[in-house]
Amino acid sequence: MPWMKRSLTILLFLLVPSLIALGVSQAQPSFDVLIQNARVMDGSGNPWQRADIGIRGGAIAAVGRLSGATARTRIDAADRTVAPGFIDVHSHAAEGITRPALRQAQPLIAQGITTIVANPDGGGPVDLAAQRRQIESGGTGPNIALLIGHGRVRSAVIGGANRAPTAEELDRMRALVRTAMEEGAFGLSSGLFYTPGSYAKTEEVIELTKVAAQYGGLYTSHIRDEGDYSIGVVAAVQEVIRIAEEARTIGIVSHAKALGPDNWGLARAITRRIATARARGVQVFTDQYPYEASSTSLGAALLPDGVPAPTADQLANVETLTADARAVVERAERVATDNLRRRGGPAAILIAHYRPDPTLEGKSLEQIATEKKQPPVRTALELIARQSPSIVSFNMAEDDIAEIMRQPYTMTSSDGGLVAMGEGKPHPRNYGTFARKLQRYVRERETITLEQAIRSMTSLPAAVFGMKDRGVIREGAAADIVIFDPAKIVERSTYVEPHQLAEGMAYVFVNGEAVIADGKFTAALPGKVLRRQ
């Protein structure tokens, strides 16, 4: 009937808007956390874009215009930068993160670090499964990716012997690397400057790297020589290139530098070698901490490659020693004198941590020698004889730092660890690496742009290490996110007063959970021990 058709038409006309409104209401997304009014820098190196970010279930669920969305927690970014959480690709923090007071790793979180790569320089345990259980048993603030250390593998099989492994021993070393890779290791690390790694020939390292490569793992190295101790820094970089090329995997020159005044200016030779290798298809990268000072032990700095250190008794009674014992002292003095000069002299070395006498911490070797009224080398050998102290060594040139930093293949790293507040005078990189790069080299000196710096801390390391769901802001990625005002990032840690947290992070999320909220630490321990997929 015509009147019925007219009535149905009117009814539909009245109902459709309500149905549409109901459908829109039901389609509105709901999130655990909604970040709005953000300048999103996605980690790729591209300029920021204005967008909102929705987090759900520990992952980024949406990126875009989300004004109609609902959320349990809303954060107004207020035009601050929102970026992926920072990845520290060379960290010693796993050695301290199992201590209850350090599990949240606040010195790292305060810099925006949400993931670290542990067991560098050929170190760490051989049993990664046990290490994983130890870390996971008490929780952790940041995520942790594990490497298997060449030096520890070598020690487990042939101890401290200065020789090549037998065929059977090399097979056992391969088996240990294979087991670690099956446990989810991200690759093989080496410390070819340190014993026992320095005893290994290049061919040995290639064979073990090939095992890691079979599982998609990479090779990262504290190279055999960062200055002119033995083969020279350029040849040592070339060794990494050879290992990566022959093992057909990624090679990383760890904490790249040209160490010592004799080698200043060689950064250009290093970057040219790497550029040439990359042009022919070798995957070579570097990581770097933005400081003019390095840190190691006094013994490693002055008596490398197994040069025996004299005992305290030998040093105190040189005149009455046998000829053989006196030869040990004389050789140590000769080697240490040369290496002290390489490091820039006694004024360039600060004692960072020395348990036998904490009053020496923060003093230079020159100051201590003056107080003792004896030559700096004798002072150094006496310290080593009691217990080799950790040191901070001023030995890099700013032009070299900038040259390496500008390269598109350079990632950011700290080479730092975790220590209790007030424990020694450690290198400020433990507290300030990422903040320093953003403050000094982006904001103050304009060595690189903010976009370049963020890429070096996020998507580049994630891509190099195969962390496919981290280091980027995109739907489906893990919600490791930092919110900050670039103008307010400040490194507070100094060489004199290192135990000071970086400032400027408004929010830091790890796996979708806030570890810093509105500038304050939470109690959360949302980090995971990651596995190489």
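When we screen Gly471, Gly527 for residues that are open to solvent by less than 50 Å² (accessible area, probe 1.4 Å), touching a Pro at 6+ places or on another chain (Cβ under 6 Å) and either at negative phi or not small (Gly, Ala, Ser) (or both), the only hit is Gly527.
Can you name every residue in the stretch 281-307 that is part of a loop (DSSP other than H, G, I, E, B) and at pLDDT 90 or above? Answer for the stretch 281-307, where residues must be part of a loop (DSSP other than H, G, I, E, B) and at pLDDT 90 or above: Gly281, Val282, Gln283, Tyr289, Pro290, Tyr291, Glu292, Leu303.
For the stretch 474-487, the criterion of being within 22 Å of Ala61 (Cα to Cα), open to solvent by 20 Å² or more (accessible area, probe 1.4 Å) and not in a loop (DSSP other than H, G, I, E, B) is satisfied by no residue at all. The criterion of being β-branched (Val, Ile, Thr) and within 16 Å of the chain's Cα centre (by Cα) does not hold for Thr447.
For the stretch 156-182, a residue qualifies if it is aliphatic (A, V, I, L, M) and open to solvent by 70 Å² or more (accessible area, probe 1.4 Å), and exactly one does: Ala167. Scoring Arg440 on the criteria (1) open to solvent by 10 Å² or more (accessible area, probe 1.4 Å); (2) assigned to a loop (DSSP other than H, G, I, E, B); (3) over 26 Å from Leu218 (Cβ atoms) leaves a single failure, condition (2).
Here is the figure for the stretch 503-533: residues that are part of a loop (DSSP other than H, G, I, E, B) and touching a Ser or Thr at 6+ places or on another chain (Cβ under 7 Å) total 2.
Every condition in (1) on the phi > 0 side of the Ramachandran plot; (2) open to solvent by 20 Å² or more (accessible area, probe 1.4 Å) is met by Gly187 except one, and the failing one is (2).
Would you say Arg355 is in contact (Cβ under 8 Å) with a residue 12 or more places away in the chain, assigned to a helix (DSSP H, G or I) and either surrounded by fewer than 20 Cβ atoms within 10 Å (Cβ to Cβ) or aromatic (Phe, Trp, Tyr) (or both)? The answer is no for Arg355.
Are any of the residues in the stretch 111-119 over 20 Å from Met457 (Cα atoms) and either in contact with a Lys or Arg (Cβ under 7 Å, 6 or more places away or on another chain) or open to solvent by 30 Å² or more (accessible area, probe 1.4 Å) (or both)? So far as the stretch 111-119 goes, no, none of its residues is over 20 Å from Met457 (Cα atoms) and either in contact with a Lys or Arg (Cβ under 7 Å, 6 or more places away or on another chain) or open to solvent by 30 Å² or more (accessible area, probe 1.4 Å) (or both). When Ile274, Ile250 are checked against the criterion of being out of contact with any Ser or Thr (no Cβ under 6 Å at 6 or more places or on another chain), surrounded by 24 or more Cβ atoms within 10 Å (Cβ to Cβ), in contact (Cβ under 8 Å) with a residue 60 or more places away in the chain and at negative phi, a single residue qualifies: Ile274. The residue pairs whose first member lies in the stretch 396-416 and is in contact (Cβ under 8 Å) with a residue 40 or more places away in the chain, whose second member is open to solvent by less than 10 Å² (accessible area, probe 1.4 Å) and among the basic types (Lys, Arg), and whose beta carbons are closer than 7 Å, counting only pairs six or more residues apart or on different chains, are Thr412/Lys437. Tell me, please, whether a residue that is free of Cβ contacts under 8 Å to residues at least 60 places away in the same chain and among the hydroxyl-bearing types (Ser, Thr, Tyr) can be found in the stretch 365-385. Scanning the stretch 365-385 turns up at least one residue that is free of Cβ contacts under 8 Å to residues at least 60 places away in the same chain and among the hydroxyl-bearing types (Ser, Thr, Tyr). Selection of first residues in the stretch 81-108 that are free of Cβ contacts under 8 Å to residues at least 60 places away in the same chain and farther than 17 Å from Pro461 by Cα and of second residues that are open to solvent by less than 10 Å² (accessible area, probe 1.4 Å) and of a type in the set (Gly, Ala, Ser), restricted to Cβ pairs under 7 Å at least 6 apart or on distinct chains, gives the following pairs, ordered by first then second residue: Ala94/Ala118. If the condition is being surrounded by fewer than 22 Cβ atoms within 10 Å (Cβ to Cβ) and within 27 Å of Arg355 (Cβ to Cβ), then the stretch 394-416 contributes only Phe394. Restricting attention to the stretch 308-344, the residues being outside any helix (DSSP H, G or I) and in contact (Cβ under 8 Å) with a residue 40 or more places away in the chain number 5.
The values are calculated or read from the model by the stated rules, or taken from the named source; none is laboratory data. Keep in mind the model is a prediction, meaning the values are calculated, not measured. Cβ sites come from the backbone with ideal geometry, for glycine too, and all protein chains shown count toward neighbours. Keep in mind that these areas ignore ligands, DNA and RNA; they rest on the heavy atoms of the full protein, side chains included. Shrake-Rupley method; radii C 1.70, N 1.55, O 1.52, S 1.80 Å.
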